[in-house]
Amino acid sequence: MSGEPGAGFSAAELAAACGGTVVGDGARRVSGVRSLEAAGPGELAFAADAAAERRATASAAGVLLARSAARLPGRTVVEAADPSLALVAVLGLFFPPRRAVPGVHATAVVDPAATVDPTAEVGPFVVIGAGSRVGPGAIVEAHAVVGRRCTLAEGAWLHPHVVLYDDVSVGARTEVHSGAVLGADGFGYAVSPTGIRKIPQVGGVALGSDVEVGANSCVDRATFEATRIGDGTKVDDLVMIGHNCEVGRHGFVCGQAGLAGSSVIGDRVVLGGQVGVAGHLRVGDGVKAGAQTGIQSDVPDGANVNGSPHMPYRDSMRAIVEIRRLPETARLVRILARRAGLSEETTE
Amino acid sequence: MSGEPGAGFSAAELAAACGGTVVGDGARRVSGVRSLEAAGPGELAFAADAAAERRATASAAGVLLARSAARLPGRTVVEAADPSLALVAVLGLFFPPRRAVPGVHATAVVDPAATVDPTAEVGPFVVIGAGSRVGPGAIVEAHAVVGRRCTLAEGAWLHPHVVLYDDVSVGARTEVHSGAVLGADGFGYAVSPTGIRKIPQVGGVALGSDVEVGANSCVDRATFEATRIGDGTKVDDLVMIGHNCEVGRHGFVCGQAGLAGSSVIGDRVVLGGQVGVAGHLRVGDGVKAGAQTGIQSDVPDGANVNGSPHMPYRDSMRAIVEIRRLPETARLVRILARRAGLSEETTE
Amino acid sequence: MSGEPGAGFSAAELAAACGGTVVGDGARRVSGVRSLEAAGPGELAFAADAAAERRATASAAGVLLARSAARLPGRTVVEAADPSLALVAVLGLFFPPRRAVPGVHATAVVDPAATVDPTAEVGPFVVIGAGSRVGPGAIVEAHAVVGRRCTLAEGAWLHPHVVLYDDVSVGARTEVHSGAVLGADGFGYAVSPTGIRKIPQVGGVALGSDVEVGANSCVDRATFEATRIGDGTKVDDLVMIGHNCEVGRHGFVCGQAGLAGSSVIGDRVVLGGQVGVAGHLRVGDGVKAGAQTGIQSDVPDGANVNGSPHMPYRDSMRAIVEIRRLPETARLVRILARRAGLSEETTE
């Protein structure tokens, strides 16, 4: 990139970086990216969709990133077929990704039987247990605790205060946010007449590559093998993944969703916020579940579900409409029943 | 205050502190505050309402704090028009607020480019990044991590194990409980045929003054500007506030509630426990939402809503009654339909 | 036990340990325990029920633990009347419980006015406040923070990053997982015309013996006395127990469930995942609540409830069936009403 730090980038440079096209003044320079409302003449702002393009007409931003300049006459616009993807590229110029600053902080407590790649970064007060390996370019931030026999692959990133119990593997470029706990014991007990006995949870957790786990989320260790999250899947904050679950690849698990134990979630699944999935289920590939859905039985591939307990999305929309009308519907039924001489005792 | 530590306070002193009136023995001294059931003759107990006043008749407490002594004959009572407010004042005498013990613990790692006010307290194993400022009388307890360019205003208080990512500002007297994470990346991605790409989240978090954030809650950083919580708003434990949200002033967000991204919540809003708010909504001033409500569209000022998806509270109460009756209602409908010769095929 | 480390155990030894009976080759040795799918000839696998027994026929495991060998001809089987209980015993052989490694890590900050039993283990970067007592064999792992006047009874175990505020007691053998916060302030405020005033929360938290608290769960301190969890109760991850609650003995509180303040939960209660319990309720002994149930009024002993708001389980199952049918039911009603000349205006 020809843009020097501080000097920002020209519209033409930004268009080149994101595969877009400049409409207007390609030489116009911007030094940062802000919201449509806050951006000034020296900044770029981003219009994700038609509604944002309407707001963009009133923006003071010097350069706009949008699908089309057609509704933005007289403005300098970087046009991109997918503005969100283009934004990723543009932000990558202004805010280069965090890289490991190689070295182990003097206060870190690293077991002699652990190995830390010389290109990895280990922050203050980190604790790393015996048999664990921190790979090239991995970042372990302040106060993270890594148990025994854990593996951080190349470029893995633990934010401050992440906890890994023993036997947790974190894939390449996978990012775990603060307060997340990977590998705490699964909720497994044997209930007997003489009391509740804990079933030792002797498995681990395996996160694939390019996974992201949100702040304060929990992924419990398996009873035997591993609780798994597949490559590319993004997990939001305060999510719980119960023991023995297998979550597929390239999916989204939104905030505060929870999976009970031993469920298998397919690839490219989207679970909305506060969704619950009962135990021992199979949720197929490509399933989408609306916020607060309660999944209580298997869901076939490609289904779009909603409601608690879940039903097909379309059925749930109809049911919701009718629930709102239900007092009037029921009133009519009672009139009809009275006219017909029906009562609670009537059976036929 | 004339009451010395250990000697406790007389009923008259307590009444003076809380703007109340003594009925009974104003010289009676108490050395602590306990529940109605546990308090003894040397202690004060508190009756919040009429039901508690009935229990208070059996309490051994030496002094009672209540709205009225009328139902408590023969007892020493501090009468206060608002007993809960009076309790705040009384407890403030017995349990003075925690104050900063100025100084930085020897184990803390404070970046040379950070500034800590000499009247602030920084506890063991705290990490503070470059460009951050800790204001007068602020308290940063053990193991808290403060990123770069953060601001703690006067009297701000981070309990142990709080994490602030970069670019988080905490207002005056705002209290953040243990395990809360402020400023983790918002859940923003561009989904393309070639995969899921993370949209860098380059904004921050701004908490107003007199805010409280509960244990293990998460407030994600904004994509561009700041995710905001307004002055005086109280957030309970395990709450998630998504990126770009703006929560107004003097509201309550109860335990495990969650806000998806970019929603705007008005002033004096009360969101009950486990409430969910979808993204990009406007929830008006003074709105109240019952526990487990799912807010899926804009809510006008002053509305009282309930249910998932939400509806006006009154409608939801009627719908709930009819859902309980639904099996009987449906049974009647089937009898009527059969008599009328209707079937699933009937259309008219 | 005669089995040496590494050498594993024979089927006969395992049967003796779990009170089971060998069918097949009692001398057969296994060196570990894995899932039915992963176990090889040198390992034991476990079949919890009839469905698992069917999968077990295809397992390569050298020894199977199951209720009966009848469906597993030709295999070496340890038969046990309750295979889950037997598994607890078997896993206890292969994975002996973690024991305290006595001593205080050099980096720990222990207040001179705290006492740590010489048989207890205190890990790196632990902070323990004045007046706290760590009992015999207790384990306090890395980064745990223990406030003032706390008590850890014999064999209590705090995993890394647990936070105890002041005045928290943890019973014998009670295990608290990473990120759990015990004793943060309850959500108690006095709302007055002049603003929201915090009611100081001056009580504590008391966990009984043999309790387990999951990762990132929160138990808030009481306003006056103590928020309590009874002996033997198991609490999963991301659970919130509000201030002043009293949870009984030998129960289960599943993931992401939440209890608002001052509710009393009986003994042997099972609250499913994401259940919510409103404040100031009494939930009786032996109550079971399905996942996502919203308990909004008292529940009698032994009740099985479901739905939000809750109703008897059986009623909720009927209501769910009818909600799914509701669009068709309502359609029939509208036809009948039209034929009968009824409209929204009709009242009779």
(request) For chain B, calculate the relative contact order in percent as a whole number, restricting contacts to Cα pairs under 8 Å that are 6 or more residues apart. (result) 6 percent
(request) Only bridges with both residues in the protein assembly as shown count here: give the DSSP antiparallel percent, nearest 5. (result) 15 percent
(message) Rg and Dmax in Å for the stretch C:103-305, alpha carbons only: what are they?
(response) 17.0, 55
(request) Could you state how much accessible area C:VAL321 has, in square angstrom rounded to the nearest 10, with a 1.4 Å probe and all protein chains kept in place? (result) 70 Å²
(request) Binning at 10 Å from 0, report for the protein assembly as shown what percent of all alpha-carbon pair distances ends up in each bin. (result) 2, 10, 18, 23, 20, 14, 9, 3, 0
(message) Can you give me the distance in nm between label points at C:HIS280 and A:SER68, each placed 7 Å from the Cα along the Cα-to-Cβ direction?
(response) 5.8 nm
(message) Please compute the contact order of the stretch B:103-305 in relative form: average sequence separation of alpha-carbon pairs under 8 Å and at least six residues apart, divided by the residue count, as a percent.
(response) 10 percent
(request) Lys and Arg at +1, Asp and Glu at -1: add these up for the other residues within a Cβ distance under 15 Å of C:ALA257 and post the number. (result) -4
(message) Just to confirm my numbers, what's the Cα centroid distance between the stretch C:31-91 and the stretch B:5-57 in Å?
(response) 64 Å
(request) Output the direction-averaged projected area (hull surface divided by four) of the convex hull of the alpha-carbon atoms of the stretch B:62-106, in nm². (result) 4.6 nm²
(request) Just tell me how shielded A:278-289 is by partners: mean number of partner chain Cβ atoms within 10 Å of each residue's Cβ, no decimals. (result) 1
(message) Whole angstrom only: what separates the Cα centroid of the stretch A:261-277 from the Cα centroid of the stretch C:189-206?
(response) 38 Å
(request) Considering Cα pairs under 8 angstrom that are at least six residues apart, work out the relative contact order of the stretch C:9-94 and quote it in whole percent. (result) 31 percent
(request) Please compute how much accessible surface disappears when B pairs with A, both sides summed, using a 1.4 Å probe, and round it to the nearest 100 Å². (result) 4900 Å²
(request) Would you mind giving the mean number of other chain beta-carbons within 10 Å of the Cβ of each residue in C:123-132, as a whole number? (result) 4
(request) Can you pull the one-decimal nm distance between simple spin-label points at C:ALA58 and B:GLU154, each 7 Å off the Cα toward Cβ? (result) 7.1 nm
(message) Taking the solvent-accessible surface of protein heavy atoms with a 1.4 Å probe, what is the per residue accessible area of the stretch C:1-83 in Å²?
(response) 46 Å²
(message) Quick check on packing: order C:122-130, C:327-335 by the mean number of other C-beta atoms within 10 Å, highest mean leading.
(response) C:122-130, C:327-335
(request) With a 10 Å radius around each residue's Cβ, average the other Cβ atoms per peptide and rank A:23-36, B:10-23, B:101-114, highest first. (result) B:10-23, A:23-36, B:101-114
(request) Calculate I(q)/I(0) for the stretch B:134-176 by the Debye formula, one identical point scatterer on each C-alpha and no solvent, and give its log10 at q = 0.25, 0.27 Å⁻¹ to two decimals. (result) -0.78, -0.91
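By average Cβ neighbour count within 10 Å, what is the ranking of A:45-53, C:60-68 from highest down?
Working: A:45-53: 18.4, C:60-68: 23.0.
Per-residue Cβ counts within 10 Å, averaged per peptide and sorted highest first, yield C:60-68, A:45-53.
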(message) Please state the shape class of the stretch C:186-232: rounded when a/c is under 1.5, otherwise prolate if a/b exceeds b/c and oblate if not, all from the C-alpha gyration tensor.
(response) prolate
(request) Decide, for the stretch A:9-94, between rounded, prolate and oblate: order the square roots of the alpha carbon gyration tensor eigenvalues as a ≥ b ≥ c, take rounded if a/c falls under 1.5, and otherwise choose prolate if a/b is larger than b/c, else oblate. (result) rounded
(request) Starting from the Cα gyration tensor of the stretch B:252-331, multiply each eigenvalue by 5, take the square root, and state the resulting semi-axes largest first in whole Å. (result) 25, 12, 11
(request) Return the long-range amide H neighbours of B:GLY204 (sequence gap of 5 or more, or a different chain), with a cut-off of under 5 Å between placed amide H atoms. (result) B:ALA222, B:ALA226, B:THR227
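Grab the other residues whose beta carbon is less than 13 angstrom from that of A:LEU342, score K and R as +1, D and E as -1, and report the net.
+3
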(request) When a/c is below 1.5 the answer is rounded, else prolate if a/b is larger than b/c, else oblate, so apply that to the stretch B:212-290 with a ≥ b ≥ c taken from the square roots of the Cα gyration tensor eigenvalues. (result) rounded
(request) Pull up all non-local amide H partners of A:VAL116: gap of 5 or more, or a different chain, and H-to-H distance under 5 Å with H placed in the peptide plane. (result) A:VAL134
(request) Report, as an integer, the average count of C-beta atoms from other chains found within 10 Å of each Cβ along C:307-319. (result) 4
(message) Which GluC sites (Glu not before Pro) in the stretch C:131-204 sit in a loop by DSSP (not H, G, I, E or B) and have at most 14 other Cβ atoms within 10 Å of their own Cβ?
(response) none
(request) For C:SER343, tell me the accessible area in Å² from a 1.4 Å probe, rounded to the nearest 10. (result) 50 Å²
(message) Report, to one decimal in Å, the Kirkwood hydrodynamic radius for chain B based on all distinct Cα pairs.
(response) 23.6 Å
(message) Using each residue's phi in the stretch A:314-319, evaluate 6.51 cos²θ - 1.76 cosθ + 1.60 at θ = phi - 60° and report the 3J(HN,Hα) Karplus result to the nearest Hz, with x for Gly and Pro.
(response) 5, 5, 5, 5, 5, 5
(message) In whole percent, and with a 1.4 Å probe on the protein chains, what portion of the accessible area of the protein assembly as shown is carbon and sulfur?
(response) 54 percent
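The values are calculated or read from the model by the stated rules, or taken from the named source; none is laboratory data. If you're wondering where the values come from, they're calculated on a predicted model, not measured in any experiment. Cβ coordinates were reconstructed from backbone atoms using ideal geometry, including for glycine residues, and neighbour counts include every protein chain displayed. The accessibility values were calculated without ligands, DNA or RNA, using every heavy atom of the protein model including side chains. Shrake-Rupley method; radii C 1.70, N 1.55, O 1.52, S 1.80 Å.
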